[in-house]
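Worksheet: the structure to be examined is printed underneath.
Read-outs throughout are calculated quantities, based only on the coordinates presented, and are distinct from any laboratory measurement. Computed from a predicted structure; not experimentally measured. We place every Cβ from the backbone using ideal geometry, glycine too, and count neighbours over all the protein chains shown.
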Amino acid sequence: MAAPPGFAGSLRVTMDRQRFGVVGDRGGPVSLAPWRSYDVLKRALDVLVSSAGLVCALPLFLLIIALIYLEDGPPAFYTQLRVGRGGRLFRVYKFRSMVRNAEAGTGAVLAARDDPRITRVGRVLRRTAQDELPQLLNILLGQMSFVGPRPERPELTGEILQRLPEFRLREGVRPGLTGMAQVYGRYHSEPEQKLPYDLDYIKRRSLALDARLFLRSWRITSRANWDGDQVKR
């Protein structure tokens, strides 16, 4: 998929006493300090839509739980520690899409294409992003937003920061259920390739951009293509 309009392909990071942000080919440094009106409106929309979503999705939740139990037994839900805004850790909720204790012998590893640990029900859930539906609760609790950089696992964040210190800039905003890297990126891209998308989002964030990325995400969901070429964690 083509890069978004205005995307700055090469970004460098600047820090001084007053400014902490990114510099792109087409703009100046951008502060990561909260944008008050935008943050208040975005948070209000997050609460409204996630609350309605949890109520409306209850029948679907029950169906997915039943399907997981029928194929592989309990538990239906899976939690992982993720790094949120300001580096705070929180537990992200998911429907379990892999066999039980999938990482017991390997530790934290990314899912591979045609990963044998993924169950049949889980494969459908991942392709339609329905395994992420429980994160509506994370959004309601204020740990996530609908749009923003995807939260990373602390074990993997530590490894990435050793070679890419600028990765910490993603923590300037709430992590999202979907984001620019998810819509325009690729599943197997390295963090060095995905980071410019996240920083470009932080630089240009607005309700209009959020709406555009959210609608594009719905389009990918309708095509059941989230576990294809697009990025997904």
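Look at the alpha carbon pairs under 8 Å that are at least 6 residues apart: their mean separation over the length of segment 34-222 gives a relative contact order of 22 percent.
Express in % the proportion of alpha carbon pairs of segment 34-222 at distances exceeding 21 Å.
On the way: 9277 of 17766 pairs.
Pairs farther apart than 21 Å: 52 percent.
Note on segment 34-222: antiparallel DSSP beta bridges, both residues inside, total approximately 80 percent of the bridges counted. For MET98, the residues whose amide H sits under 5 Å from its own are THR119, ignoring neighbours fewer than 5 places away on the same chain, with H placed 1.01 Å from N.
Quick check: from the Cα gyration tensor, does segment 111-217 come out rounded (a/c under 1.5), prolate or oblate?
Values: a/c = 1.58, a/b = 1.15, b/c = 1.38.
Taking the square roots of the gyration eigenvalues as a ≥ b ≥ c, segment 111-217 is oblate.
Close amide H contacts of ARG150 (hydrogens built in the peptide plane, cut-off under 5 Å, sequence separation of 5 or more or a different chain): GLY176. Summing charges over neighbours of GLY122, with a neighbour being any other residue whose Cβ is under 9 Å away from its Cβ, gives +2 when K and R count +1 and D and E count -1.
Close amide-amide hydrogen proximity is noted between GLN80 and VAL92, each under 5 Å apart and 5 or more residues distant or on a separate chain (H modeled in the peptide plane; Pro and chain starts excluded). For a label point 7 angstrom out from the Cα of ASN101 toward its Cβ, which stretches of segment 72-92 have the backbone nitrogen within less than 19 Å? The answer is 72-80, whose backbone nitrogens lie closer than 19 Å to the label point.
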